[in-house]
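Student: A single structure is presented below for examination.
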Amino acid sequence: MSNGIEQREQWGSRIGFILAAAGSAVGLGNIWKFPYMVGANGGGAFVVIYLAIVFTIGVSVMLAEFAIGRNAGLNAVGSFKKIKGGAWPLVGWMGVIAGFIILSFYGVVAGWTLAYMVKSFTGLIAIAAEGKAGDAFGAFVSNPTQVILWQAIFMFMTIWIVYKGIGSGIEQYCKWMMPGLFVILVILIFRSVTLEGAAKGLEFYLKPDFSKVHGGVFLAALGQGFFSLSLGMGCMITYGSYLSKKEVLPSSAVTVSFLDTAVAFLAGLVIFPAVFAFGVEPGAGPGLTFITLPSVFAKMPGGMIWSALFFFLLFLAAITSAISLLEVCVAYFKDELGWSRSKAAWLLGLVIFLLGVPSALSLGGHIPQVAGKDFLDAMDFLSSNILLPLGGIFISLFVGWVWLDGAEKEVTNNGTIPFGLMTAWVWICRVVAPVAIGYIFFSGLKW
């Protein structure tokens with residue numbers, strides 16, 4: 001075991017780590033979910049509350065995960081085992097299991113983004129122009145061959161990148177995918193804000209109306225902020241375990257959170273001017289992406305190009321998250337069971353793909369519901385509403401109460417780099433984060 005730790009892979013550069021960690025945090029939730037959450041919760045006021053939560057609770061939990069991972073130099077389970085032992089490795093286990101479950105259905109939805117990128121050039125825009133985007137989406141998700149094929153293509157890409165390793169795989173690909181994601185966002189923003197009538201969308205998005213704020217808005221912002229940063233599932237513990245001891249953790253946590261939030265914020269600048277310009281309901285729900293937006297693109301000159309660019313953007317966001325989810329699982333089997341990276345990536349990737357097949361088939365009604373939910377929604381509920389919040393609560397408590405001395409040394413690089421917000425961070429981990437995430441947990445338990 002000691003030799004395995006000595007030869008452990010590391011990030012080749014700080015920028016490589018930052019882009020990979022930001023890629024883990026940036027996912028479909030930033031571009032797909034954030035805009036409709038804003039639309040459903042009053043616009044700009046939600047954005048202000050969301051930003052406040054990300055840069056207090058979100059950054060604090062991320063910093064806690066980085067500290068645990070780098071100190072132990074192991075996967076999520078092994079990190080807790082090495083630092084404290086007892087029942088604490090169960091927290092890491094929840095992360096590994098959550099990674100399996102989330103990637104199983106995430107790969108299905110990510111496959112849709114690839115399919116829609118291709119469909120943008122093969123008739124989708126013409127169908128959307130006729131007002132039949134909803135019918136087209138329903139026909140697509142009901143077709144077992146298509147949804148499983150696109151899921152398989154996406155999972156193959158994810159497995160390949162993880163198989164290539166940390167430096168020549170995850171870091172290398174994130175170094176071009178993340179800048180590419182920002183470039184596409186800027187291009188789409190320019191197109192969107194220059195549409196006639198876009199100003200109304202910008203006003204809705206950027207001008208806070210705090211009269212619309214109620215308890216539900218705070219809960220929605222809290223949940224979106226926590227889940228958007230990929231917290232509670234061991235991704236940041238695992239990525240932190242490949243970090244050099246010279247890395248300054250607090251600045252890394254802030255930078256990653258900033259990049260993640262920037263993507264979500266910029267996605268809003270793409271979507272709201274466009275939907276207001278064409279008189280579409282901004283709180284249209286999850287259908288905003290696959291039903292509403294193709295209809296919007298159909299009304300633009302060059303709609304095929306804009307649609308394909310948007311779904312390519314979604315694909316980039318999805319795959320940078322997917323590789324971190326698979327890496328959580330791969331790191332466990334490498335560290336604890338001595339598997340090679342190749343064996344772990346391909347075998348676990350195949351198992352996750354097979355676990356995702358029921359999710360792929362569920363929206364077409366091909367398999368029975370689970371307690372009144374589609375299989376995909378049931379898997380989402382189990383991971384997002386139960387495993388991730390519990391992971392976040394216990395990670396915060398672990399750092400704030402159980403391993404505080406070690407965490408403080410890790411965050412200050414053994415006292416060589418002062419951290420001026422140490423007291424605030426400690427109390428956020430001890431009290432604020434567990435209470436806030438507990439609020440998400442108990443509010444989300446309504447099956």
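Student: If the Cβ limit is 7 Å and pairs must be 6+ apart or interchain, which residue in the range 91-110 that is farther than 20 Å from F311 by Cα and open to solvent by 10 Å² or more (accessible area, probe 1.4 Å) pairs with which residue that is among the small types (G, A, S) and part of a helix (DSSP H, G or I)?
Tutor: Filtered contacts from the range 91-110: V91/G391; M94/G391; I101/S383; I102/S383.
Student: Mind listing whichever residues of the range 154-199 are within 20 Å of I101 (Cα to Cα) and under 20 Å from the mean Cα position of the chain (by Cα)?
Tutor: Those that are within 20 Å of I101 (Cα to Cα) and under 20 Å from the mean Cα position of the chain (by Cα): F154, M155, F156, M157, T158, I159, W160, I161, V162.
Student: Okay, next question. Check the range 409-428 and report whether any residue there is touching a Gly at 6+ places or on another chain (Cβ under 9 Å), charged (D, E, K, R) and under 19 Å from I57 (Cβ atoms).
Tutor: No, the range 409-428 contains no residue that is touching a Gly at 6+ places or on another chain (Cβ under 9 Å), charged (D, E, K, R) and under 19 Å from I57 (Cβ atoms).
Student: For the range 215-251: of the residues being open to solvent by 20 Å² or more (accessible area, probe 1.4 Å) and polar (S, T, N, Q), which is modelled with the lowest pLDDT?
Tutor: That would be S244.
Student: Give the range 196-214 a look and list any residue that's of a type in the set (G, A, S) and buried (at least 19 other Cβ atoms within 10 Å of the Cβ), or say none. Outline the logic, then answer.
Tutor: Residues of the range 196-214 of a type in the set (G, A, S): 197-199, 201, 211.
Residues satisfying the conditions are A198, G201.
Student: List the pairs whose first member sits in the range 265-278 and is aromatic (F, W, Y), whose second member is open to solvent by 30 Å² or more (accessible area, probe 1.4 Å) and at pLDDT 90 or above, and whose Cβ atoms are under 7 Å apart, counting only residues at least 6 apart or on separate chains?
Tutor: As it stands, the answer is F272/L202; F276/G197; F276/K200, since those pairs meet every condition given.
Student: Next question. Could you tell me which of the residues G92, G42, G27, G78 is modelled with pLDDT under 95, in contact with a Ser or Thr (Cβ under 9 Å, 6 or more places away or on another chain) and closer than 23 Å to I170 by Cβ?
Tutor: Testing whether each residue is modelled with pLDDT under 95, in contact with a Ser or Thr (Cβ under 9 Å, 6 or more places away or on another chain) and closer than 23 Å to I170 by Cβ leaves just G27.
Student: Those residues that are farther than 11 Å from F353 by Cα, part of a helix (DSSP H, G or I) and not hydroxyl-bearing (S, T, Y), I need them from the range 151-164; list them, please.
Tutor: Result: M157, W160, I161, V162.
Student: Among the listed residues F258, F310, identify the single one that is open to solvent by 10 Å² or more (accessible area, probe 1.4 Å), aromatic (F, W, Y) and part of a helix (DSSP H, G or I). Give the derivation first.
Tutor: Details: F310 fails: open to solvent by 10 Å² or more (accessible area, probe 1.4 Å).
On inspection, the qualifying residue turns out to be F258.
Student: Mind listing whichever residues of the range 29-50 are open to solvent by 30 Å² or more (accessible area, probe 1.4 Å) and among the aromatic types (F, W, Y)?
Tutor: W32, Y36
Student: Of the conditions (1) within 23 Å of the chain's Cα centre (by Cα); (2) closer than 18 Å to S79 by Cβ; (3) aliphatic (A, V, I, L, M), L337 clears all except one; give me its number.
Tutor: Result: L337 passes all but (1).
Student: Could you tell me which numbered condition L376 fails, if it satisfies all but one of (1) closer than 24 Å to A220 by Cβ; (2) surrounded by fewer than 22 Cβ atoms within 10 Å (Cβ to Cβ); (3) of a type outside the set (S, T, N, Q); (4) in contact (Cβ under 8 Å) with a residue 60 or more places away in the chain?
Tutor: Here L376 clears every test but (2).
The values are calculated or read from the model by the stated rules, or taken from the named source; none is laboratory data. This one's a predicted model, so the numbers in the text were calculated from it and none came from an experiment. Note that we place each Cβ from the backbone using ideal geometry, even for glycine, and neighbour counts take in every protein chain shown. Surface areas here come from the heavy atoms of the whole protein model, side chains and all, with no ligands, DNA or RNA. Shrake-Rupley method; radii C 1.70, N 1.55, O 1.52, S 1.80 Å.
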